[in-house]
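Asks: Mind looking over this structure? Questions follow.
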Amino acid sequence: MSVLCCFYAQRGASSTRISSWLMEPLVLCVFVMTVARGQVRYSIPEEMTRGSLVGNIVQDLGLDVKRLKSGRARIFTEDSREYIGLNVDKGTLVVKERIDREELCAQVSPCSLHFQIILENPMELHRIDVEILDINDNAPVFTRREIQFQISESATPGAKFSLDKAQDSDVGLNTLQKYTLNPTDHFSLKEQMGNDGFKYAEMILQKTLDRETQEEHKLILTAFDGGSPQKSGTIKISVLVIDANDNAPVFGLPVYRVSLLENSAKGTDVVSVTATDKDKGTNAELMYSFSQTSGKALELFSIDSQSGDIIVNGDLDFEKSKHFQLNVEATDTGGLTDSSKVIIELMDVNDNAPMISVISFSNPIPEDAAPETAIAMLNVKDLDSGRNGQVKCSIAPNLPFKIQSSASNFYSVTTDQLLDREKISEYNITITAIDEGSPSFSANKTLTLKISDVNDNAPVFQRQSYTAYVMENNSPGVSVLSVKAHDKDSGNNARISYFLEDILVNGVSASTFISVNTESGDILAVRSFDYEQTKEFSIRVKAQDGGNPPLSSNVSVKIIIQDQNDNAPQVLYPVQSGASVVAEIVPRSADVGYLVTKVVAVDVDSGQNAWLSYKLQKATDSALFEVGLQNGEIRTVRQVTDKDAVKQRLTVVVEDNGQPSRSATVNVNVAVADSFPEVLSEFTDFTHDKDYNDTLTFYLVLALAVVSFLFIVSIIAILSVKCYRWRRERMFYKSGANLPVIPYYPPLNADVGGTGTLQHVYNYEICRTTDSRKSDLKYGRPCSESIISLDSSGTQTLTRAQRAKLNNEDPFDQVSSRNPVNAKCIFWLQLMTFFLLLLYYFSLTKKKKKKRGGGGGGGFFFCVMFR
Ligand SMILES: *[C@@H]1O[C@H](CO)[C@@H](O)[C@H](O)[C@H]1NC(C)=O
Ligand SMILES: *[C@@H]1O[C@H](CO)[C@@H](O)[C@H](O)[C@H]1NC(C)=O
């Protein structure tokens, strides 16, 4: 928009005055001035279109159009360029060419075109100044499109960065007026006036940059001019923030928690720790390491410094250490660090078997131990923990024991039932401990428990009762039977002694019949039994063990005495008497088979031994009588005749059926007569002859017995005296030498029952020992004489010669010196008498044999005497 103002210019008005008017801020006018011979000044804005009117010189110079034509008015410029043309017809000045003030004047202001209008006829010169006014046709312009800065994030606030200048070829207000910067969060702008008069701007860092929050800042710098409308130019500013190591590494977690099996092998991954560093490049290169505070765990784990992988590097054992704490550090190249913890919890693996240890063990225990008796205390340990360390203990089934937990890890083994050593004397108690791990481990412990004996079993005889058979007439001391009892206990409790119980047998003590060997149970007969007195009897034998208190049992032993044929038959009838003669009378008229008499005999033996048979051994007339074999009846065989003698004598043998058999004879006198006086006359001499013989024999025997007795007594007396003397001498000698004399009295064998057999043997052994050849022991007599002198010094012993000197006196002399009767004479006298009597006896027997046909009685007597 332009305002046209008119000035009434006066001639001669100085250009300086006009210029000063132009200075007036309120006047923006285009002046059309007519200056005669002076100058006319016009102002036009630049860039007017061609043909635009600049000024009317007809008016301003006071010329008319004719004159212009006649004067051939034209424009004269010093340079050839004509921006302004002259329209002669109208007398106006118009824009002929585009006028660019910036081109014409650049920054010079004011900018004017100077030319002359020349008129001829008369020549007139009119100076025209056309001032070209600036219009805002140029915006501020930066030469570059973009500015790039690289600013370290460590740059401190206040740092300055100069920016490019903008250029605006307009002048005055239309030229560059100010800059603005956007955004202004980190930077502010400060305008400065350069030496050349152009404004420029500096960018000032207001707030520290942080690459980590914003790596690049985009800013726009705008330059404004003061025109209207206002124009502007922009330039991009790119700020690239350069990283500084201003960030420490940061671990992903403050604490890493890991669970790990204790049996993890070397090389097992534990955990990977990672730290981040917000910085960039080398500032973000991290190294991982354990810090020294990790202690012992350092040996078990290792860390990869690049990756942060932690692996197992040793043998882990839950039982030694349950958890570890590793302090890890991440360090960037700038030396900034962060630390974190890795807490590793080891998880138990069942790698330990339970262990059983015996704290106490009562062995053996008696069999009568009550149930719940404690046998053993055990301690069971498992190093594992949790279920892996929980242990259960058990005992093999079928054993009379149980196991109980008394306190944690402590167990007691007790009996569960009553025990019986006789059934099972030893137990192997196997205790199994098993943990609850999976798979589980177990351990065994075997206790060998011995059961000690208690005397709870009485001896038991092998049989309920015993029966022994003994032949009568046994020798005393013979073994009848052996009883045996057994005791289930052991040791002393099973050591059995046998005793005879003192009961009465037929009114006397059983011990008079029988003795029992305490050790062996042999039953011995104390004496010779007689079947005819006692056929059987019972005793009781007690077996007693050695326990405390002892237990016993008894058994009955029946002793049956067996018969021996030791008794000859005894004839009861007819009675045999020396004094009178009994005769059976057979009448001569007796028929055949007449029963004369019956021989009645008994045998106290029994059975076969008492089964008697009768035979006729001898008869005056053997054809006349016979004897019933079984019944002993004497009968006539034929008719008695007159020729038969009155006096008949029969000898009947009664024989038993024993083996060997025994017999008895009986003489039966039979008188065959019809009257008693006849009988009497016949029998008188018969008896006399017999009596005489018997009496003679009796006296003879008596004499022989007396002489024999005296003979034996003399021998014993002589021997005793001799022995006595010898003893006296010995004792005298010993006491004189002051040497000890130890008389030795062997024990008397009072025990006839045979239980003392040991004593017999013992005694015998002593004798044998003293009898040995080399011994210096002096013994002159068999043991039964019971003196042994010990020469313990072994130095002085009587030689045989010395002894002979002491003993030189004849034993007979000794006797004679004490007794007035000469012993020698008596001795020889007795001997002679003995032989004489013997001789006489033999001759008598011969005579008798001749007369009577022999008899055994004399032989028997001889035997008796000889013993
Ligand atoms: C107990 O064990 C031992 C040794 O193994 C063996 O000799 C013995 O016979 C066993 N005892 C029992 C009663 O099984
Ligand atoms: C013998 O044993 C029985 C039981 O067998 C007993 O009753 C009796 O008393 C015992 N006799 C003696 C004398 O001990």
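Asks: Taking the Cβ of LYS160 as the centre, find all other residues whose Cβ is under 15 Å away and add up their charges (Lys, Arg: +1; Asp, Glu: -1).
Replies: Summing Lys and Arg as +1 and Asp and Glu as -1 gives -1.
Asks: Ranking request for peptides 533-543, 834-844: highest mean number of other beta-carbon atoms within 10 Å first, then the rest in descending order.
Replies: So the order, starting with the most tightly packed, is 533-543, 834-844.
Asks: So, R0 is 60 Å and r is the distance between the beta-carbons of LYS558 and ARG728; what FRET efficiency does that work out to, to 0.05?
Replies: My answer for the efficiency is 0.60.
Asks: Which distance in Å, rounded to a whole number, links the C-alpha centroids of the range 127-145 and the range 247-295?
Replies: For the range 127-145 versus the range 247-295, the Cα centre distance is 69 Å.
Asks: Extending each Cα 7 Å along its Cβ direction at ARG649 and GLN306, get the distance between those two points in nm, one decimal.
Replies: 15.8
Asks: If you don't mind, another one. Hey, rough spin-label estimate for SER405 and GLN570, points 7 angstrom out along Cα→Cβ, what's it come to in nanometres?
Replies: 9.4
Asks: Would you pull out the residues with amide H under 5 Å of MET347's amide H, same chain only if 5 or more places away, H placed 1.01 Å from N?
Replies: Hits under the 5 Å cutoff: LEU260, LEU261, GLU262.
Asks: Provide the gained length on full extension for the span SER622 to SER465, in nm with one decimal, where the gain is 0.36 nm per separating residue minus the Cα-Cα distance.
Replies: Taking 0.36 nm per residue and subtracting the Cα distance, the gain is 50.8 nm.
Asks: Let me ask something else about it. Compute the signed sum of charges (Lys and Arg +1, Asp and Glu -1) over the other residues within less than 15 Å, Cβ to Cβ, of SER238.
Replies: Its environment carries a net charge of +1.
Asks: Among residues other than ALA458 whose Cβ falls under 14 Å from its Cβ, what is the net charge (Lys/Arg +1, Asp/Glu -1)?
Replies: Surrounding charge for ALA458 is -3.
Asks: Could you order the peptides 199-210, 62-73 from most to least packed, using the average number of other C-beta atoms within 10 Å per residue?
Replies: Highest mean packing first, the order is 199-210, 62-73.
Asks: Right, here's the next one. Just want the answer: with Cβ charges of +1 for Lys and Arg and -1 for Asp and Glu, which residue in GLN150, CYS111, ILE132 is farthest toward the dipole's positive end in the range 98-156?
Replies: Farthest towards the positive pole: GLN150.
Asks: Contour minus end-to-end for LEU696 and VAL478, with contour as 0.36 nm per residue of separation and end-to-end as the Cα-Cα distance?
Replies: 74.2 nm
Asks: For ASN121 and GLU97, what does the FRET efficiency come to when R0 = 25 Å and r is the distance between their Cβ atoms, rounded to the nearest 0.05?
Replies: For ASN121 and GLU97, the calculated efficiency is 0.30.
Asks: If R0 is 51 Å, what FRET efficiency do you get for THR641 and LEU831 from their C-beta distance, rounded to 0.05?
Replies: Calculated transfer efficiency: 0.25.
Asks: Something else: For the range 224-239 and the range 656-670, write down the distance between their C-alpha centroids in whole Å.
Replies: One Cα centre to the other: 188 Å.
Asks: Additional query: What length, rounded to one decimal in nm, is gained on full extension from THR337 through to GLN59, with 0.36 nm per residue of separation minus their alpha-carbon distance?
Replies: Full extension from THR337 to GLN59 adds 90.8 nm.
Asks: Distance from the Cα centre of the range 342-388 to that of the range 479-538, in angstrom?
Replies: For the range 342-388 versus the range 479-538, the Cα centre distance is 59 Å.
Asks: Peptides 640-646, 410-416: what's the order by average Cβ count within 10 Å, highest mean first?
Replies: 410-416, 640-646
Asks: Using modelled backbone amide H atoms (1.01 Å from N, in-plane), which distant-in-sequence or interchain residues come within less than 5 Å of VAL672's amide H?
Replies: For VAL672, the qualifying residues are VAL586, LYS647, GLN648.
None of the figures in this text is laboratory data; all of them are computed from the coordinates on show. Please read these numbers as outputs of a predicted model, since none were measured by experiment. In this analysis, Cβ positions are derived from the backbone assuming ideal geometry, glycine residues included, and neighbour counts consider all displayed protein chains.
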